[in-house]
Each structure stands twice: as C-alpha cells, then as structure tokens.
1. Identify all residues within the range 40-66 that are part of a loop (DSSP other than H, G, I, E, B), among the hydrophobic types (A, V, I, L, M, F, W, C) and under 21 Å from F82 (Cα atoms); write none if there are none.
2. I need the full set of residues from the range 157-208 which are touching a strand residue (DSSP E or B) at 6+ places or on another chain (Cβ under 7 Å), farther than 30 Å from N35 by Cα and of a type outside the set (A, V, I, L, M, F, W, C), in order please.
3. Take the range 5-39 and flag every residue that is at pLDDT below 70 and either of a type in the set (D, E) or not in a helix (DSSP H, G or I) (or both).
4. Given the options V49, V96, V90, V39, name the one that is β-branched (V, I, T) and over 25 Å from E179 (Cα atoms).
5. Just to be sure I understand, how many residues within the range 42-72 are under 22 Å from Y24 (Cα atoms) and either out of contact with any helix residue (DSSP H, G or I) (no Cβ under 8 Å at 6 or more places or on another chain) or without any contact (Cβ under 8 Å) to a residue 12 or more places away in the chain (or both)?
6. Look through I60, I80, I44 and report the one residue that is crowded, with 20+ Cβ neighbours inside 10 Å and closer than 19 Å to K208 by Cβ.
7. What are the residues in the range 78-87 that are touching a helix residue (DSSP H, G or I) at 6+ places or on another chain (Cβ under 9 Å), more than 18 Å from I182 (Cβ to Cβ) and in a loop (DSSP other than H, G, I, E, B), if any?
Amino acid sequence: MKPQVSPDHYNERVYDSKHRFISYWHQIHEIISSNPKEVLEIGIGNGFVHKYLRSAGITISTLDFDIRLFPDVVGSILNIPFKNNSFNTVACYELVEHLPYDQFADILHEMKRISNGIIIISLPDITSVWKINIELPIVGGLQINKLISHPFHRGPTHIFDGQHYWVIGAANYPLNRIEKDIVQCGLEIIETYRIFEFYWHRFFVLKKSELAFHTNGCF
C-alpha cells in the first residue's frame with residue numbers, strides 16, 4: 001500500500017471542517033461509551049481523537065501504515081501486529097473504503113481477531129436522505145433530529161476516485177450488501193447510524209457473534 005495523501009492533508013483547514021469536528025465528537029463518544037480499557041485506533045489521520053482520549057486518561061494505542069504520521073505501531077490493517085483479543089475496543093474511522101472492497105472481509109476478520117469487545121467503524125454513505133428538524137421551545141426546548149433514507153435512492157456506480165474504492169449508497173455498494181457481509185464475518189451489528197449534521201459518515205458499532213468465538217475467518 002502507498003499513502004494516498006500527504007500528512008499535511010490532515011492539517012488543512014478545509015479538511016477539518018465544522019462538520020468533521022462533529023464527526024470527531026461521535027468517534028470519541030462511541031469509544032468512551034464502550035467502557036474502554038485497552039483501545040486500538042487504526043488509521044490516525046490528524047491525531048485529534050487519540051490525543052483527546054489520552055488527555056482524558058484512556059489507554060489507547062495507534063496503528064497506521066504511514067510512518068510519517070508517527071503512530072505507536074507501523075503496520076497494515078490487513079495484518080494487524082497484535083495478539084488475539086488484545087483490545088476491548090477497536091476503532092477504525094473513514095479508512096476501510098480506501099482499500100478495495102474485496103479486502104473488506106479480511107479487514108473485518110483482523111479487527112475481530114484482536115478484539116475481545118467492541119469494534120467501531122465509520123464509512124462514507126452517499127444515500128440520499130431527508131432531514132427532519134423539529135424544535136419545540138414550549139416543551140422544555142425539545143428538539144427532534146431525524147434522517148430518513150430516500151426509499152427510491154439510486155446511487156451512481158462507484159469507480160475508484162483516487163482515494164475511495166467504494167462508498168455506501170453507490171449502485172454497486174448498497175447498505176444491505178455491507179451489512180450482510182459484516183454479519184457473514186461473524187460480527188453482530190449492535191447499532192448503525194448516520195450523523196445528522198454530517199450524514200456522509202455512517203457509524204457501525206459491532207461485536208463478535210457467539211458463533212464467531214468458535215470459528216476463524218468469515219463464513
């Protein structure tokens with residue numbers, strides 16, 4: 001694998017938009033909500049997430065194949081250099097789509113192998129949505145935010161664009177295909193959602209299925 005962007009890419013103001021910082025909040029929130037003891041972050045970008053978590057006293061190791069980003073461990077997500085069940089929380093945000101889809105199952109297997117708890121990933125999703133925002137100040141400031149996927153969404157066929165090999169919502173990568181492949185790899189989808197303010201990012205919170213504790217690889 002070769003880096004698709006330079007390290008400076010992650011420090012440009014256009015990259016760290018207001019909406020991306022909202023995504024950072026969700027990335028951090030999901031890790032903290034997993035009751036983390038030993039965390040692995042795969043793909044570190046600008047380092048914001050693990051720096052914040054360390055400042056909060058959370059033990060977190062970082063893995064990236066790009067030595068220029070100064071991860072704790074340099075290595076590939078296709079061959080993660082840690083023992084089985086090393087981390088109770090494994091997080092991988094906006095990375096997997098930078099590799100061909102035929103490697104998705106291998107990536108899931110590696111994350112499942114080193115995890116003894118929760119796996120959190122986020123992926124780009126271009127599925128058309130309707131946004132519903134309701135604010136009711138007369139009911140104690142009640143606010144309702146909801147995304148509804150367009151029932152007749154027809155995404156274009158995705159072709160490698162120099163960075164993304166695939167995205168959810170493309171004609172060849174519908175959400176049900178991704179969910180099916182996740183489950184076939186012995187993982188249970190605890191929750192999946194898109195960020196209301198930045199619905200390009202879809203989160204998956206996963207854990208090993210009971211059968212996965214007794215088998216190797218995807219099935």
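The values are calculated or read from the model by the stated rules, or taken from the named source; none is laboratory data. Since the structure is predicted, the reported quantities are computational estimates derived from the model, not experimental observations. In this analysis, Cβ positions are derived from the backbone assuming ideal geometry, glycine residues included, and neighbour counts consider all displayed protein chains.
1. Filtering the range 40-66 for residues part of a loop (DSSP other than H, G, I, E, B) gives 43-47, 56-59, 65-66.
Checking which are among the hydrophobic types (A, V, I, L, M, F, W, C) leaves us with 44, 56, 58, 65.
The answer is I44, I58, F65.
2. Those that are touching a strand residue (DSSP E or B) at 6+ places or on another chain (Cβ under 7 Å), farther than 30 Å from N35 by Cα and of a type outside the set (A, V, I, L, M, F, W, C): T157, H158, H164, G169.
3. Step one: list which residues in the range 5-39 are at pLDDT below 70, which gives 5-15.
V5, S6, D8, E12, R13, V14, Y15, listed by residue number.
4. Values: V96 fails: over 25 Å from E179 (Cα atoms); V90 fails: over 25 Å from E179 (Cα atoms); V39 fails: over 25 Å from E179 (Cα atoms).
Of the residues listed, the single one that is β-branched (V, I, T) and over 25 Å from E179 (Cα atoms) is V49.
5. To start, the set of residues in the range 42-72 that are under 22 Å from Y24 (Cα atoms) comprises 42-66, 68-72.
The next check asks that each one be either out of contact with any helix residue (DSSP H, G or I) (no Cβ under 8 Å at 6 or more places or on another chain) or without any contact (Cβ under 8 Å) to a residue 12 or more places away in the chain (or both); those that pass are 43, 50-51, 54-55, 57, 59, 61, 63-65, 70-72.
Residues meeting the conditions: 14.
6. On the way: I60 fails: closer than 19 Å to K208 by Cβ; I44 fails: closer than 19 Å to K208 by Cβ.
Answer to the selection: I80.
7. Taking the range 78-87 first, the residues touching a helix residue (DSSP H, G or I) at 6+ places or on another chain (Cβ under 9 Å) are 78-80, 82-87.
Keeping just the survivors that are more than 18 Å from I182 (Cβ to Cβ) gives 79, 82-87.
Listed by number, the residues that qualify are F82, K83, N84, N85, S86.
Conditions tested, residue by residue: (1) of a type in the set (S, T, Y); (2) modelled with pLDDT under 95.
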| residue | (1), (2) |
| --- | --- |
| Y165 | yes, no |
| N172 | no, no |
| L187 | no, no |
| I190 | no, no |
| Y193 | yes, no |
| V205 | no, no |
| F219 | no, yes |
